[in-house]
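Remarks on the structure that follows.
Please treat every number below as a calculation from the coordinates, not as lab data. Predicted, not measured: the structure shown is a model, and the values here were computed from it. Note: ideal-geometry Cβ built from the backbone for every residue, glycine included; neighbour counts use all protein chains shown.
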Amino acid sequence: MPTVNLDKKRFLKYLDRDYDDEFLKERIAMLGTDLDSITETEIIVEAFPNRPDLLSEAGMARALRGFIGIETGLPAYDIKKGNWKVSVDHKVKKIREHAVCAVAKNVNIDSAYLKSLMQIQEKLHVTHSRNRKMASIGMYDLDTIKFPIKYTTVQHDFKFTPLEATKEMTVKQILKEHPKGKDYAHLLVGDEYPMWIDAQGQVLSMPPIINSAETAITEKTKNLFIDVTGLDGKVVDQAMSIIVALLHDHGATIEQVNINGAITPNMAPWEMKFDYKYINKFLGLDLTDKEIKKHLERMRIGVRGDMAVVPAYRTDILHPRDLMEEVAISYGYENFEAEIPNVSTVGEEQPATVFQRKLAEACVGLGLLECLSFHLSNEGVLIEKMDREPRPLLKVTNPVNKDYDTIRDLLMPGLLKVLSENKHHELPQKLFEQGTVVDEKMNEVTSLAIVSSHATAGYDEARSMVEAIFRSLGKPVAFTQDTKPYFMPGRTAQIAYQGEHIGYCGEIHPKVLNNFGLENPAIGIEFNVDRLLK
Amino acid sequence: MHDNEKQVITSLEKKKKQSLEELIESTKLNRDAVSTALANLADQAYVSIEEKTSEELVLTSEGSMYANQGLPERQALDLLAKTKEIAMNDFKSKIDNDAIALTWLRKAGYVDIKDGKVSLNAVGQKASKEKLAHEQVLSAVMGKKPLPEKLATEAAEIIKRRLAEVKTQKHVTASITKQGLELVKRGISVEKEVGQLTPQMVVTGDWKNHKFRIYDVSASAKPIYPGRRHFLNQAIEYVRKIWLEMGFKEMQGPLIQSSFWNFDALFTPQSHPAREMHDTLFLDAKKMNLPELGLVKRVREAHEIGTRDSLGWSYIWDQEEAKKPVLRTHTTALSAQTLARLRKEEWPAKYFALGRVFRNETVDWTHLFEFDQVEGIVVDENANFKHLLGYLKEFYSKMGYNNIRIRPAFFPYTEMSLEVDVYSPKKQGYIELGGAGIFRPEVVEPLLGEDVPVLAWGQGFGRIIMEYYQMNDLREQNKNDVQKLRELRQWMM
């Protein structure tokens, strides 16, 4: 989840009240964000990905004003008519189709606000816009631009001066050499590149990569031109609504832009039908219609009859169930009483669980100590140290690190590793583990493995243990001579159950003991548990 | 009474007051045996013990060597007395520690050195026939005789030469008490006592003829390490019991799941960050099969256009993405499969699962890439949010946490979503445990056919297990330190 550092001073200014940190901490958490901390100057929160509108001081203050009752109901957005014209070239359709624009005038910008604008833009890019793929936002100093503006495409040899560069670069150079170009080049495919260009040929930006240096906003900027482009029209609209709302709340005058005849930004709220009874039923409450209305309004959602009126910047309302959650948050999660219903159902364990518990009990009775290893291991342990022939094993595409890039197909190597890590402790060490092993075809099997290490460990002990376990399960077992690279020849037995081969036991080969750095003899047992249950 | 004690008290009866050394001499026991016997006898008031400490001068190993072989200056004196005069080089070769010898002889004014030759002067001649002051000190210390007052300066010099040092000596003197005398008068037979009872003695009845030694039951014995379940599995068994007692049926299923069950059936959009490489462990294997066509179609529609009253995520759902195998990131995949199998006649139904889940996490003391989750669902037409809180509260109170806090949260597959924290009096703060909620209609409708309340939770419980065992580092769970596994207390709930 994205962490945002909100400017506490400005947040409190928007909130229009001065509250102590404890109150803010508690209310912000109960509104539905993970509050990290409040410092002298900042409020640090992890906003949930469903509420990108809370990623700014203005957005958070807007929601909190409703939640604590300073100002409730649908916030109004007064968008003025403007005389700004933008033409969109049909060539962008294949590359980055959707585009919306807005103008914000008389924006009170200082260095702190500039930082805050950069932050919200960045956070919206990362979360809501999925790293600029679905949408990307551009902001420019309006007074450096000559209208009408074009949203068009250019070739790779087109030149302009991007931000963070001192001289002109070609598009090709930017994508190859500029830090932002390198980060986002993968979002542009084909030989045409999207470009915002003004009436005098001045580049505004190459979305979703970088803005031009000449049109960049500074502390002296008064008026803004904003664009959002992207692959997903809904995400693009929502991102613009979030930006426009926070600039509006900051006191800016928002003006419309005409894009090929369409008027943006569209801040009109939308409606969703809901059922008051549905809300009460799922919440286990008995709220009156009036109370439900009041709760929705505290969450800044308007209500007209059985219609909820949802602000354009809310991205998370997909279903009346989402309105229900708004009611619950306003009602206060802390105010719900816990209740266990009087519903009779019968508990039941899986037969495999019962069987595996019995096996574990048998092992404990043999004086074995249970270990728990990770399912993820590596070929060094599973194959090389065990002296096994190389074989395909199931691999993780994106492992945490190389020691854990393979799913185990045997438990015994893990137990030998445990022995090797516990050489400084007293012998004998007799261990067992029960768990899932997986072959390269993704077949999962429950396996049981045992190792016993001490100066006189020998085949007899292995055989006695296997027999004792099967005796306790009331199941027959047979042993026949076999070979395995990790067992000593002539001291290796195949374990069979009802004529079916289910595993092996024997004396660990001294070569394998050497590989694991073990100094004492050891025996090993491993067999398939699932086959016994059938 | 132990043999040794009998011997000591018998000796003390003969000579009423003896030092430890005298007792060692008279009983022929070693120092430890006599000390132990005296301590036991004193405990029973048969003897009284007097302890005195004193500071004594004792020879160092170098000191005792010289006490036997003579000091270097003595060797030099003897040599010079014989030869009258000797070349310095000869002197050096004939005397060990010639420098030390010469230093002391010159300091005492016994020798003259002229033209590279050493000779005794008159004082030296006279001194060579007498015992030197340092020699007197050495022999007094060796013989444990008191040092005459006039040798104080020389004694200090001997200490400085590291030939002797001051040591605190303990002198133990034991006297037999009245009770002790009475005990001896009543008669103590010093007969042989037997330790181990043998099968022979049992069978033949010979045990009647023996006296068995009384053991010191407070003495330590060799530790025994019995076989045991792993501490985490002990806790898991208890968690399982809680849900069974509350009438929940167990769910089980594979660790490897298709993205369909792990994400898509749970209304997690295909562009969701959780489905990226930095969160989920993907497998380098063939794509997996999807379930029956109808279900796939319903899930696709939930994503693209939404279920009955839903707007959906409005994007084009990719069936191939859903086939990618993953190591399950939550046990909620099992809940989805259970819902898909459940028939309406089986409502109300309650299920739980306990299982390993996987995340692409860098391992540290609070994070593991493999950990266990406790999962639960309740399918009931009359279930509501309060019931969800009821089940969770009951569970955590059985885990020993009576104070839980819930906060709003977000998961793609629940709405009502909440985060559960439990208050730890030990930490004086809350422990975050994980999510719960009511499954979204976009999850429930494709799987179950209608929008029924399905309460759901999937939470890690590693942290509270670790708190129970007073461990701070989650990595202990899979460390397999044999000694720790042997010695850790049992799960006592």
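Principal axis extents of the C-alpha atoms in the protein assembly as shown (largest first, rounded to whole Å): 131, 91, 62. Taking Cβ atoms as reference points and 12 Å as the exclusive limit, the residues near A:D143 contribute a net charge of +1, counting Lys and Arg as +1 and Asp and Glu as -1. Here the dipole of the range A:79-264 is about 260 debye; that uses its Cα centre as origin and unit charges on the Cβ of Lys and Arg (positive) and Asp and Glu (negative). Please label the shape of the range A:79-264 as rounded, prolate or oblate, based on the square roots a ≥ b ≥ c of the eigenvalues of the alpha-carbon gyration tensor (a/c under 1.5 means rounded; beyond that, a/b larger than b/c means prolate, else oblate). Here the range A:79-264 falls in the rounded category.
Take the Cα gyration tensor of the range A:351-533, multiply each eigenvalue by 5, square-root it, and list the three semi-axes largest first, rounded to whole angstrom. The equivalent ellipsoid of the range A:351-533 has semi-axes of 23, 20, 16 Å. Applying the Karplus relation 6.51 cos²θ - 1.76 cosθ + 1.60 with θ = phi - 60° to the range A:138-153 yields 3J(HN,Hα) values of x, 10, 9, 6, 4, 6, 9, 10, 10, 8, x, 9, 10, 10, 9, 10 Hz, where x marks Gly and Pro. For a straight C-alpha distance cut-off of 18 angstrom, the lysines reachable from B:K15 (same-chain residues fewer than eight places away being disregarded) are B:K6, B:K28, B:K178, B:K185. Shape index of the range B:232-487: Rg/Rh, with Rg the Cα radius of gyration and Rh the Kirkwood radius from the inverse mean 1/r over Cα pairs, equals 0.97. Each Lys and Arg adds +1 at its Cβ and each Asp and Glu adds -1 at its Cβ; summed about the Cα centre, chain A shows a dipole of about 1460 debye.
Classified by the C-alpha gyration tensor, the range A:141-187 has a prolate form. Its axis ratio a/c, with a ≥ b ≥ c, is 1.5 or above, and a/b is larger than b/c. Annotation: extensible slack from B:V166 through B:L311 equals 42.8 nm (criterion: 0.36 nm per residue apart, minus Cα-Cα distance).
By definition, a body whose alpha carbon gyration tensor gives a ≥ b ≥ c is prolate when a/c is 1.5 or more and a/b is larger than b/c, and the range A:291-356 fits this prolate description. How much FRET efficiency would the formula 1/(1 + (r/R0)^6) give for A:K395 and A:K277, where r is the Cβ-Cβ distance and R0 is 51 Å, rounded to 0.05? Between A:K395 and A:K277 the formula returns 0.45.
Over chain A, the ratio between the Cα radius of gyration and 2.2 N^0.38 Å evaluates to 1.39. Residue exposure proxy: A:D198, A:D157, ordered by other Cβ atoms within 10 angstrom of their Cβ from fewest to most, comes out as A:D157, A:D198.
For the pair B:K129 and B:T366 in one chain, pulling the backbone fully straight at 0.36 nm per residue adds 77.0 nm over the alpha carbon distance. Among residues other than B:P446 with Cβ under 13 Å from its Cβ, the summed charge is -3 (Lys and Arg +1, Asp and Glu -1).
What net charge do the residues around A:R491 carry, taking every other residue with its C-beta under 11 Å from that of A:R491, with Lys and Arg at +1 and Asp and Glu at -1? Counting the neighbours of A:R491, the net charge comes to -1. The mean of 1/r over all pairs of different alpha-carbon atoms in chain B, once inverted, gives a Kirkwood hydrodynamic radius of 32.2 Å.
If R0 is 45 Å, the Cβ-Cβ spacing of B:S218 and B:T103 corresponds to a FRET efficiency of close to 0.20. Here's the picture: charge each Lys and Arg Cβ at +1 and each Asp and Glu Cβ at -1 in the range B:312-454, and of B:Y315, B:V443, B:G390 the one pushed furthest to the positive end of that dipole is B:G390. Scalar couplings 3J(HN,Hα) for the range B:417-431, obtained by applying the Karplus form with A = 6.51, B = -1.76, C = 1.60 to θ = phi - 60°, are 10, 9, 10, 9, 10, 10, 7, 9, x, 5, 7, 6, x, 8, 9 Hz; x denotes Gly and Pro. For chain A, the longest principal axis of the alpha carbon atoms and the long axis of helix A:289-298 meet at an angle near 80°.
Once the chain from B:Q490 to B:W207 is taken as fully extended at 0.36 nm per residue, the excess over their C-alpha distance is 97.8 nm. Per residue, the convex hull around the alpha carbon atoms of the range A:428-534 comes to 113 Å³.
Quick one: dipole size for the protein assembly as shown, taken about the Cα centre, charges +1 on Lys/Arg Cβ and -1 on Asp/Glu Cβ, in debye to the nearest 20. So the magnitude is around 2320 debye. Once the Cα atoms are used to define both axes, helix B:332-341 deviates from the longest principal axis of chain B by about 30 degrees.
Angle of helix B:3-14 to the longest C-alpha principal axis of chain B, folded into 0 to 90 degrees and rounded to 10: 30°.
Summarising the amide proton neighbourhood of B:G434: residues at separation of 5 or more, or on other chains, whose placed amide H is nearer than 5 Å comprise B:V420. In this structure, the amide hydrogen of A:I301, modeled 1.01 Å from its nitrogen in the peptide plane, lies closer than 5 angstrom to those of A:G73, counting only residues at least 5 positions away or on a different chain. Rounded to two decimals, the Cα-based Rg/Rh of the range A:440-488, with Kirkwood Rh, is 1.02. Phi angles of the range B:18-31 translate, via the Karplus equation with coefficients 6.51, -1.76, 1.60 and θ = phi - 60°, into HN-Hα couplings of 9, 7, 4, 5, 5, 5, 4, 4, 6, 8, 6, 8, 7, 4 Hz per residue; Gly and Pro are given as x. Among B:87-93, A:436-442, B:374-380, A:231-237, sorting by the average number of other beta carbon atoms lying within 10 angstrom of each residue, highest first, gives B:374-380, A:231-237, A:436-442, B:87-93. To the nearest 0.05, what FRET efficiency results for A:D110 and A:D403 with a Förster distance of 60 Å applied to their C-beta separation? The value I calculate is 0.75. The H on the amide N of B:V111, modeled in the peptide plane, is under 5 Å from the matching H of B:N121, each at least 5 residues off or on a different chain. Simple spin-label estimate for A:A352 and A:K222 gives 7.2 nm between the two label positions (7 Å along the Cα-to-Cβ direction from each Cα). For B:K426, the lysines whose Cα falls under 27 Å of its own Cα, not counting residues fewer than eight places away in the same chain, are A:K25, B:K241, B:K393, B:K398, B:K479, B:K484.
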